[in-house]
Structure formats: C-alpha cells, structure tokens
Amino acid sequence: MPEENARPALDMMNYGMYVVGSRGAAGLNVMAAHWLMQISFKPRMVALSVENDARTLANIRETRVFTINVMGEDSRELVAGFLQPANPSKVQGRNPAGQLVVDKLAGVEYKLMATECPVLRDALAWFECEVDGGLPAGDHTLIVARITDGGQINVGKPLRDDDLGWTYSG
C-alpha cells in the first residue's frame with residue numbers, strides 16, 4: 001500500500017504523554033494518550049483521538065466529560081501502568097478466559113474534580129473537558145472538547161512519547 005511508505009515519517013512525529021481520566025457505568029478509568037492537541041484559543045478547546053474499542057471512549061460517550069493529566073519526565077513508570085487496556089482480552093493473543101478487567105487506578109493517588117473524573121497527584125498539570133463534538137477517524141474517534149477548568153500541580157519537564165523509547169504511529 002502506498003500510504004505504508006509514510007510510516008517512517010509518521011514515526012518521527014513526536015507527541016506529549018498524557019493520561020486521560022474518565023468515568024462511566026463501569027467506574028473510573030485512566031489511559032495513556034498521545035494524540036491530543038489544542039485547537040482553539042477562544043474558547044480553549046482540544047482534540048483527542050481515542051481507539052474505537054477503548055473503555056475511555058465508552059465512558060466519554062456516556063458522560064461527555066474527561067480530564068487530561070499532563071505527565072512529567074519522572075512519571076515514566078506510572079504512565080507505563082496506563083498503557084495496557086482495562087480489558088486485557090483486547091490485546092491480540094491474550095487468552096480472555098479468567099482475565100478480569102484491570103483497575104489501573106489501584107494504588108495511584110488521585111482527586112476527583114467537578115467532572116468526577118480523576119486528576120493524578122503526580123501529574124504536572126491538568127484540565128477538565130466537556131465534549132463539544134466528534135467524528136469517526138478510521139480505527140479511532142476524534143473528540144472535540146471545550147476546556148472548563150485546569151491547573152498546575154507540580155513543576156517539571158513534560159514527558160513525551162519518544163522519552164519512553166517507542167512510538168504510537170505509522
């Protein structure tokens with residue numbers, strides 16, 4: 001496929017490392033995310049791309065709110081725990097029998113904000129979002145959201161995906 005030729009260029013794009021907090025009927029959830037960007041000054045808005053089968057997307061569709069945690073360079077180990085899906089059977093090759101849904105917030109200090117979505121104590125900064133719209137984008141969904149609140153918690157350099165030594169692209 002000709003678009004496959006673009007893979008090396010896509011692998012060179014770098015992204016911030018964020019943790020998306022959400023809530024829904026199945027409870028609270030967090031996931032590591034890369035594909036996030038600010039798209040407007042007035043009002044302040046972001047666009048977030050989430051896999052179509054992600055628990056976070058189901059939560060966001062249900063409640064129309066979420067949080068973004070901006071993670072620091074010193075949070076690599078913490079972020080690594082959020083890279084796996086809440087439902088282990090989602091990963092190809094894993095045996096779904098007997099595997100329970102993972103509580104990725106177990107042992108992690110967090111606070112619930114006005115949206116009732118989690119903000120991590122170890123994040124550098126955070127903001128809350130309310131969904132304004134979205135659209136299908138291949139195997140992902142693009143969520144457009146308005147920022148409703150936010151703040152800084154810690155000081156440090158933001159973590160990027162290339163700091164982890166891997167890429168989510170191509």
query = Residues of the range 151-170 being over 23 Å from P118 (Cβ atoms) and surrounded by fewer than 14 Cβ atoms within 10 Å (Cβ to Cβ), which ones?
reply = G165, W166, G170
task = Kindly provide the set of residues from the range 107-148 that are over 16 Å from M37 (Cα atoms) and surrounded by 14 or more Cβ atoms within 10 Å (Cβ to Cβ), ordered by number.
result = V108, Y110, M113, T115, E116, C117, P118, V119, L120, D122, A123, L124
query = When you scan the range 3-83 for helices (runs of 4 or more DSSP H) that lie fully inside it, which ones turn up with 1 or more residues that are buried (at least 18 other Cβ atoms within 10 Å of the Cβ) and under 15 Å from the mean Cα position of the chain (by Cα)?
reply = 55-63, 76-80
key: Breaking point among (1) touching a helix residue (DSSP H, G or I) at 6+ places or on another chain (Cβ under 8 Å); (2) closer than 15 Å to V19 by Cβ; (3) modelled with pLDDT under 90; (4) not aromatic (F, W, Y), for Q99   = (2)
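The values are calculated or read from the model by the stated rules, or taken from the named source; none is laboratory data. Bear in mind that the values here come from a model prediction, so they are computed numbers and not experimental data. Virtual Cβ from ideal backbone geometry, glycine too; neighbours counted across all protein chains shown.
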